[in-house]
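Each value in this text was obtained by applying a stated rule to the coordinates, not by laboratory testing. Quantities reported herein were computed from a predicted structural model and do not represent experimental measurements. Neighbour counts run over all protein chains shown; Cβ positions are idealised from the backbone, glycine included.
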Amino acid sequence: MRPALVPTDCLPGLTDTHCHLEDSAFDPDRLAVLDRARQAGLVRLLLAGTDVTDSRAAAQCARQYPDFLRFAAGIHPHAASQADARALDALRELLADSQAVAVGEIGLDYFRDLSPRQDQRRAFLAQLALAREFHLPAIVHIRDAVEDALSMLAEAALPRRGVWHAFSGDAGLAERALGLGFYLGAAGPITYPRAASLREVFRRAPLDRILLETDAPYLPPQSDRGARNEPALAGEILRRLASERNLAPERMAAATRENANQLFGWE
Ligand SMILES: [Zn+2]
């Protein structure tokens, strides 16, 4: 993956509440990526885990930069078959860390079906129970599994709710997710030319329920499609959000930062 061309402009006070800085895609230059994130105005990044090993790596990374990074521990639906009792105990150990601010990323992905659906549902339920046990919000990845996900989330009745990561549904689905108390994650796809209806969803969503996410190294915004995404590109997503809503970028940055503080309990 070719690294993105990162612009040099800075928008102070940005938060990226979903990236995978621990991913091996960043092994060659993680420090430089962190530096560019700070230069772009990011003040906090949340690293989302995708399995036990990756969640441990995220925790390790967060420990090195306690002023800048937080992490979430979880098993992604693609890896759901790994979520046995031992793996769940390993997650418990990680979630007890004071820098762990969420359970994730967890969910259902019937589009890629990389784990059997039955395993996905079992892993999702078990990790929703962890979110209750640790009184933490959940970061959910849902693809082509909306009805199963909504009923499982409704039943889970999480005390701290969570965020629908990289939300890409229609207005009706947004309403149902918001109705469950969930935040909507705005990521790179809102910058794509053909995403007019998705932008419309984010234009209408309550300002106090939107989070800014890059999902780096995945989902680069329009200017760098095909490249390795990185947190320093969060500003492009933020500016698009702001212009859609006719808000100053600084105001939109403050809103998404306050929302992150609220949901993840950041200071
Ligand atoms: Zn992700």
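Quick check: from the Cα gyration tensor, does the stretch 93-249 come out rounded (a/c under 1.5), prolate or oblate? Working shown, then result.
Numbers: a/c = 1.57, a/b = 1.54, b/c = 1.02.
Prolate is the answer for the stretch 93-249, as a/c is 1.5 or above and a/b outweighs b/c.
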What FRET efficiency would be calculated for the residue pair Ala129, Gln60, taking the C-beta separation as r and a Förster radius of 25 Å, to the nearest 0.05?
0.50
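Extension gain Arg143-Asp67, at 0.36 nm per residue separation less the Cα-Cα distance, in nm?
On the way: separation 76, 0.36 × 76 = 27.36 nm, distance 3.30 nm.
Going from the current span to full extension adds 24.1 nm.
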Trypsin sites (Lys or Arg not before Pro) restricted to DSSP loop in the stretch 187-223 with at most 16 other C-beta within 10 Å:
Arg194
So for the stretch 5-47, using the alpha carbon gyration tensor with a ≥ b ≥ c as root eigenvalues (a/c under 1.5 gives rounded; past that, a/b versus b/c decides prolate or oblate), I'd call it oblate
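Between Glu200 and Gln262, what FRET efficiency comes out of the Förster formula 1/(1 + (r/R0)^6) with R0 = 35 Å and r the beta carbon distance, rounded to 0.05?
Computed FRET efficiency for Gln262 and Glu200 comes out at 0.90.
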Using a Förster distance of 25 angstrom, determine the FRET efficiency expected from the C-beta separation of Leu114 and Asp9, and round it to 0.05.
0.10
For the stretch 200-267, what is Rg from Cα atoms divided by 2.2 N^0.38 Å, rounded to two decimals?
1.12
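Go through the stretch 106-185 and name the chymotrypsin sites (Phe, Trp or Tyr not before Pro) that are in a DSSP coil and have 13 or fewer other Cβ atoms within 10 Å of their Cβ.
Details: sites: Tyr110, Phe111, Phe124, Phe134, Trp164, Phe167, Phe182, Tyr183; in loops: Tyr110, Phe111, Phe134, Phe167, Phe182.
Those that pass, being in a loop and sparsely packed, are Phe111.
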Sparse-neighbour loop sites [GluC sites (Glu not before Pro); the stretch 134-224; at most 13 other C-beta within 10 Å; DSSP]:
none
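Note down the relative contact order for the stretch 1-150 as a percent, whole number, built from C-alpha pairs under 8 angstrom at least six residues apart. Please list the in-between numbers first.
Details: 277 pairs, mean separation 28.6, N = 150.
Value for the stretch 1-150: 19 percent.
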The stretch 127-177-the stretch 49-102 distance, computed between alpha-carbon centres (Å):
18 Å
